[in-house]
Each structure stands twice: as C-alpha cells, then as structure tokens.
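> Structure in structure tokens, see below.
The values are calculated or read from the model by the stated rules, or taken from the named source; none is laboratory data. These numbers were taken from a predicted model, which means no experiment stands behind them. Neighbour counts are summed over all protein chains in view; Cβ atoms, including those assigned to glycine, are modelled from backbone coordinates with ideal geometry. The protein model used for the area step is the full one, side chains on, heavy atoms only, and it has no ligands, DNA or RNA in it. Shrake-Rupley method; radii C 1.70, N 1.55, O 1.52, S 1.80 Å.
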Amino acid sequence: MLNSTSVSEQYEQAGKSGLRVLVTGAGMAGLTVAQLLRGQGVHPVLIERHGNEGIGGYMLALMPMVDRALDELRVRGHYRENSEPLARYRVYSHAGRELREDPMAGILGRYGDYRGISRGELVETLTATGCHAAFGTTVAGIRETDAAVEVTLNEGGAMATLEFDVVIVAEGIGSSTRDLLLPAGKVGAVDTGWGGWVVWADQDHDTDLGDELWGAGFFLGVYPVKGQLGVFLGGAREDTAAGPADFVARVRNKLPSMSARADRVLSAVADEPDPFYWPLKDCRAERWAFGRTVLLGDAAAGFLPTAGIGAGMAIESAWVLARILGHADRHNVPTLLQAYEQAQRPRVEAAQNNSRQLASLMFRQSKLLAIVRDFIVRVMSVEMAVKSIQRLLVDEPDPDAVARAALKAAQSDAVRS
Ligand SMILES: Cc1cc2nc3c(=O)[nH]c(=O)nc-3n(C[C@H](O)[C@H](O)[C@H](O)COP(=O)(O)OP(=O)(O)OC[C@H]3O[C@@H](n4cnc5c(N)ncnc54)[C@H](O)[C@@H]3O)c2cc1C
C-alpha cells in the first residue's frame, strides 16, 4: 500500500540511515528499488509526479527475471495470488487463422514464473508491506557537488533544496530529470510510426492463454490478467488517427475469419469511450551514471512492447542496483554506480535490441510481407524467437561480485597513485 508522506518527513528518516537516497518516480523500477533499499535498512525519499489515485493501468506480462526481486521483498505469494499464469501463447495469421500455439510454461517456466498482472495489482504487490511516497512532486534542479547531490524539489508548488548521497532517476520513458542530466541528442529512440489503444475486456475461459494477431497494417494482442483481459490494438499512426471505432471497422474488413475472442475484444476497443493511446516509440540513454546520480528502468532504456519485457528488465535492474548499493558508503557511490552501468547496460540493451527486431517483423503494412511472415512464424519455434531472452535468464546477474570487483579495482588504483 502506498502512503502519502511529505518529503520533509521522509528526509528526516533518510538522515537517520547510512545513505541519503532520493528515488524519483514511483513506477515499477522506483518502487522496487525503494522497497529493496528499505529492506536493507536505508530509508530513501520517494517522490512521484502524479497523485496517489491508485491507477488500474494496463496489463503486464512479467518474465521470470522479476522473481529475485519479488522473493527478496517477500511478496512472491501476493504476486501469484493477484496474477494469472501465461501458460500458452497463440499466434494468428494476418487473415485471422490460427497459426500455432506454444507452451510458454515449458519455454519460460523452467526459469521461474511467467504471469500476467495489471499494473495496479503489481503496484499493490510491490508495496504490500507499506511504502511512503510524496505525490505531486518533481525535481526542479539538480547539481552535483564534491560530496553530495543538491536537488531542488517542487512539492505541489513548495520548493526545497536538499542534499543526497545518491539520486535514482526512475521516471519512465519521458523522464524530465534525465533532460537536466543529458544534453539533447544523447537519448536515442526508435519510433515505429505505429501506435494503438489499450483497453480491458471481460475474461473468458482461456485464463492462461495470451494471443496475438499479426495483421497487414494492424496488430491485435490479448493478454489475461486476474479477472480480465488486457487488449492492445494498433496500427500506423495515420491509420489510427480517425479513432478506435473507425480503425476497428477497417480491421474487421481485413479479417475473413476471426476467433470469438478477437471478435469480442475488437468490440471492446470500439466501444471504449476514451481509451489510452500508446505511441510505439522507445528510448536509449547514452549514459546511465553521472557521479552520484543514475538512470533506472525506462528512463535509461524504454522499451517497445513487442517482447513484453520492459517491466521485467526495469525490476531486474532495480534489484541489481539495490544489491550493488548494499556495498555503498557516502564515499564510494560514484564507483559503484559506474560499475552498475557497466554490468547492467549490456543486458538491458540486448533485451531492447530483441524488442526492436521483433517490431520490424510485427509492424508491417504490406499484405505480401504478412503472407511471408505467416510462413516464417509457422516454421519458426517461439523458442527461437525468445533465444536472446533465454540467454539473459540463464546468465544471471551477480551484483555482489560486480560491487566487490569495482571496489577492489578502485582500492588498487588509489594505492598506485
Ligand atoms: C500499455 C503497456 C503495456 C506494457 N506491457 C508490458 C508487458 O507486458 N511486459 C513488460 O515487461 N513491460 C510492459 N510494458 C512496459 C512497462 O510498463 C515499462 O517498461 C515499465 O513500467 C518501466 O518501469 P519504470 O519504473 O522505468 O517506468 P514507469 O513504470 O513508467 O514509472 C515511472 C514513474 O515515474 C513517474 N514520473 C514521471 N516523471 C516524473 C518526474 N519528473 N518526477 C517524479 N515522478 C515522475 C511516473 O508518473 C511513473 O509513476 C508495457 C507498457 C505499456 C504502456
């Protein structure tokens, strides 16, 4: 549960622990790192731009790389109770015929849980033991001094400048604090030119089945969470400009056959009065660590939705960062943040490359290409498509070894100079 607690109250607690940490953004990454640090006896100040309305949000398919963080937070049971196993994955052709169904339980299940959860339930899970955050609060200025970071916070219009030992920027893909740290042009992006609507539909009997229809000029994905189905319907932005009802009519015209589920969820998109529209762009910051300040989650590398792994990597990165900070004192923070970037960035960017490759296969207009793609999908196993993700799951991060090696190297450098 998220409790609204002012910055000054949180800062008082922060001063009593070893490190004064500021976490900006109470999303997947910010909540995970803040809660893990609290478990280590550090009391970070957590701020969030929005109010504490308790948003239900959208559906998330979570890969097994989140399990370590959830276990360390002792909320794995809560997570399982409030999510659905994604045991099966089905793909339909561009014309709506079933192409294949794969047992995700066999492909990813050997590494841990693969489950569908709503963003709101995941927030509840991450904060099940209670979590303090100051809402309606953002960073107005940030300046690194020799021994700390001076941050000016805007808490509902009231400005305060405070000193921290570590600042973790976890503000998601549109982070404004990142813009204060990196000059324009240092955050790359892939813009697919596509976008689409995210809506909820009523649950059906296939509570463990996620399915996708890769059309010519449109994409329809349906993912179960507890009690409902998360739906995404997208296409080229110019084609979606006339709104969901118009686009759904176009999609229906292109589908000579469709499953009962596809029929139902298309109606859910058309009938939703004001659905959330998601422009399909990602981002990649050239640098993550800036002295005592570090970018985390989507603020560092924001994902396209194609592999369904952005939140998984954000939560894993939060776990790695919290473990590395477990070795920190006020002096060695810059060394450890550099080590975090060196260890975690290649993993995250490998996952992001996989999402980018899938996007170039999925977001296509041409019918001819869609026919060729249908053939490839029929003969290619899902295991092949997720090979690079499996590699990440086998090759687990070892943050404690990373921290020890970085501190040892820094000590040797100090002795030499
Ligand atoms: C519709 C949709 C479906 C998705 N499906 C999947 C999926 O199936 N699987 C998956 O793994 N990932 C999925 N993702 C991606 C996933 O949601 C993100 O990768 C993940 O949320 C990143 O976590 P984050 O904490 O970095 O950012 P966010 O979760 O976006 O959190 C950022 C937080 O920071 C706050 N904030 C922003 N600016 C400021 C500021 N200046 N000051 C203070 N606070 C600020 C925001 O309000 C927000 O609460 C999906 C995303 C969307 C939009």
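> Consider region 360-396. How many of its residues are within 18 Å of the chain's Cα centre (by Cα) and surrounded by 20 or more Cβ atoms within 10 Å (Cβ to Cβ)?
3
> I'd like to know if region 59-82 contains one or more residues that are of a type in the set (Phe, Trp, Tyr), crowded, with 21+ Cβ neighbours inside 10 Å, modelled with pLDDT of 95 or more and within 12 Å of the ligand (Cβ to nearest atom). Steps first, answer last, please.
Going residue by residue through region 59-82, those that are of a type in the set (Phe, Trp, Tyr) are 79.
Add one more test, that the residue is crowded, with 21+ Cβ neighbours inside 10 Å, and what stays is 79.
When the remaining residues are screened for being modelled with pLDDT of 95 or more, the result is 79.
Now drop any that are not within 12 Å of the ligand (Cβ to nearest atom), which leaves none.
No, the conditions are met nowhere in region 59-82.
> Follow-up. Consider region 104-118. How many of its residues are aliphatic (A, V, I, L, M) and within 15 Å of Arg76 (Cα to Cα)? Give the steps one after another, and end with the answer.
Start the filter on region 104-118 by keeping residues that are aliphatic (A, V, I, L, M), which leaves 104-105, 107-108, 117.
Now restrict to residues that are within 15 Å of Arg76 (Cα to Cα): 117.
Within region 104-118, residues that are aliphatic (A, V, I, L, M) and within 15 Å of Arg76 (Cα to Cα) number 1.
> While we're on this one: Pairs, please: C-beta under 8 Å, at least 6 apart or cross-chain, first residue part of a loop (DSSP other than H, G, I, E, B) and in region 169-191, second open to solvent by 70 Å² or more (accessible area, probe 1.4 Å) and modelled with pLDDT of 95 or more?
Glu171/Arg49; Ile173/Lys281; Leu182/Glu286; Leu182/Arg287; Lys186/Glu286; Lys186/Arg287; Ala189/Lys281; Val190/Lys281
> Right, something else. Filter region 103-157 for residues that are basic (Lys, Arg) and either in contact with a Leu (Cβ under 8 Å, 6 or more places away or on another chain) or modelled with pLDDT under 95 (or both); which is farthest from the ligand (Cβ to nearest atom)?
So in region 103-157, the residues basic (Lys, Arg) come out as 110, 115, 119, 143.
Checking the rest, the ones that are also either in contact with a Leu (Cβ under 8 Å, 6 or more places away or on another chain) or modelled with pLDDT under 95 (or both) come to 110, 115, 119.
Details: Arg110: 19, Arg115: 10, Arg119: 7 Å.
Only one residue tops the list, namely Arg110.
> Determine the pairs where a residue that is under 23 Å from Trp278 (Cβ atoms) and without any contact (Cβ under 8 Å) to a residue 12 or more places away in the chain, located within region 37-66, has a partner that is hydrophobic (A, V, I, L, M, F, W, C) and open to solvent by 20 Å² or more (accessible area, probe 1.4 Å) with Cβ atoms under 6 Å apart, the partner being 6 or more residues away or on another chain.
Close Cβ pairs (under 6 Å, with a partner that is hydrophobic (A, V, I, L, M, F, W, C) and open to solvent by 20 Å² or more (accessible area, probe 1.4 Å)) do not exist here.
> Here's something else I'd like to know. Give the residue, chosen from Ala34, Ala26, Ala14, that is part of a loop (DSSP other than H, G, I, E, B), touching a His at 6+ places or on another chain (Cβ under 9 Å) and at negative phi. Write out each step before concluding.
Values: Ala34 fails: part of a loop (DSSP other than H, G, I, E, B); Ala14 fails: part of a loop (DSSP other than H, G, I, E, B).
Criteria check complete, one pass: Ala26.
> Hey, among the residues in region 11-56 that are touching a strand residue (DSSP E or B) at 6+ places or on another chain (Cβ under 6 Å), more than 13 Å from the ligand (Cβ to nearest atom) and over 14 Å from Ala322 (Cα atoms), which one's least open to solvent (accessible area, probe 1.4 Å)?
Only one residue tops the list, namely Ala14.
> A follow-up question, please. Tell me, please, whether a residue that is away from the ligand (no atom under 16 Å from the Cβ), under 14 Å from His94 (Cβ atoms) and out of contact with any Phe, Trp or Tyr (no Cβ under 9 Å at 6 or more places or on another chain) can be found in region 235-247.
No; the residues of region 235-247 include none that is away from the ligand (no atom under 16 Å from the Cβ), under 14 Å from His94 (Cβ atoms) and out of contact with any Phe, Trp or Tyr (no Cβ under 9 Å at 6 or more places or on another chain).
> Since Ala158 meets every condition but one in (1) under 27 Å from Leu62 (Cβ atoms); (2) open to solvent by 40 Å² or more (accessible area, probe 1.4 Å), which condition does it not meet?
(1)
> OK, next. In region 244-355, which strands (runs of 3 or more DSSP E) lie fully inside it and hold 1 or more residues that are β-branched (Val, Ile, Thr)? Give the steps one after another, and end with the answer.
Numbers: elements: 276-281, 283-285, 293-295.
Hits in region 244-355: 293-295.
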